[in-house]
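**Student:** The structure that follows is given in the form of structure tokens.
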Amino acid sequence: VTAELDHRVKNLVTVILATARITATSAESVEQYTDEFCDRLQSMARVYNKMSANGWQGLTFRELLEDELVQMSGRGAVRYSLKGDHVALSLKATKDGGMILHELVSNAVKHGCFSRPGGQLDVEWRLKGDVLCIEWVESGLTGLVPPEKIGFGMKLLSMIPDVTIQKEYCDTGLKLRYCIPITFGNGDIGFDETSRI
């Protein structure tokens, strides 16, 4: 038990340190750094609390996504529809997936569909064999242009082995399709003590 606790604590500290470093690469002020870093830690804490309450079992994809959307609903109107298979994630996939979904929802609030009064998010997912395919469609925008920098969420997604990502920046919103092997939770997202993305 002690060895397992030691392993989990070291992994968590590694993830927090890597998150701090990655956040620093995109922050343009101390205030922005503090807000984004604290938001990411709070999201991680919520996921860990839910896993703990669930007997240290992984959560479902829907649970992770709904939790992030509910948290953001306090910041303004959040209009969305969710449709997909029941997908139970492993413990590691839950931790990694929670971080990625937090970034996607945060970006929708700051720059995407939730930043406009008429914005809408539609997410649909399905299992194809052992691959989870997710379609993320934001609408209600005008004049959307691709960002100049690669965001934290895209960096995290690209760290997962065998993931395929298709992005389309339409005038009315972002269309994102990504497919991830459902076994991606068997290996950590790619953080280690030297992660400096």
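The values are calculated or read from the model by the stated rules, or taken from the named source; none is laboratory data. Small disclaimer: the values here were computed from a predicted structure and weren't measured. Positions of Cβ are backbone-derived with ideal geometry, glycine not excepted, and every protein chain shown enters the neighbour counts. Remember, those area values only see protein heavy atoms, side chains included, never the ligands or the DNA or RNA. Shrake-Rupley method; radii C 1.70, N 1.55, O 1.52, S 1.80 Å.
**Student:** Out of (1) modelled with pLDDT under 85; (2) in a helix (DSSP H, G or I); (3) more than 27 Å from ARG126 (Cα to Cα), the odd one out for MET72 is which?
**Tutor:** (3)
**Student:** With aliphatic (A, V, I, L, M), modelled with pLDDT of 90 or more and under 25 Å from PRO181 (Cβ atoms) as the only criterion, which of LEU121, LEU91 stands out?
**Tutor:** Matching residue, one of LEU121, LEU91: LEU121.
**Student:** Could you tell me whether LEU144 is at pLDDT below 90 and either assigned to a strand (DSSP E or B) or in contact with a Leu (Cβ under 8 Å, 6 or more places away or on another chain) (or both)?
**Tutor:** So LEU144 passes the test.
**Student:** Can you find even one residue in region 116-130 that is at positive phi and surrounded by fewer than 20 Cβ atoms within 10 Å (Cβ to Cβ)?
**Tutor:** Scanning region 116-130 turns up at least one residue that is at positive phi and surrounded by fewer than 20 Cβ atoms within 10 Å (Cβ to Cβ).
**Student:** Tell me which of these HIS86 doesn't satisfy, since it passes every other one: (1) assigned to a helix (DSSP H, G or I); (2) in contact (Cβ under 8 Å) with a residue 12 or more places away in the chain.
**Tutor:** (1)
**Student:** Take the residues of region 150-184 that are of a type outside the set (A, V, I, L, M, F, W, C) and within 18 Å of VAL87 (Cβ to Cβ): which is least open to solvent (accessible area, probe 1.4 Å)?
**Tutor:** If we take residues in region 150-184 being of a type outside the set (A, V, I, L, M, F, W, C) and within 18 Å of VAL87 (Cβ to Cβ), then TYR178 is least open to solvent (accessible area, probe 1.4 Å).
**Student:** Moving on to the next point. Applying the selection to region 79-108, what residues are in contact with a strand residue (DSSP E or B) (Cβ under 8 Å, 6 or more places away or on another chain) and among the β-branched types (Val, Ile, Thr)?
**Tutor:** Correct list: VAL87 only.
**Student:** On the given criteria, is ILE134 in a strand (DSSP E or B) and either buried (at least 20 other Cβ atoms within 10 Å of the Cβ) or in contact with a strand residue (DSSP E or B) (Cβ under 8 Å, 6 or more places away or on another chain) (or both)?
**Tutor:** yes
**Student:** Pairs, please: C-beta under 9 Å, at least 6 apart or cross-chain, first residue closer than 19 Å to GLU138 by Cβ and in region 156-180, second among the basic types (Lys, Arg) and open to solvent by less than 70 Å² (accessible area, probe 1.4 Å)?
**Tutor:** Every condition considered, the pairs that remain are ILE165/ARG177; GLN166/ARG177; LYS167/ARG177; GLU168/ARG177.
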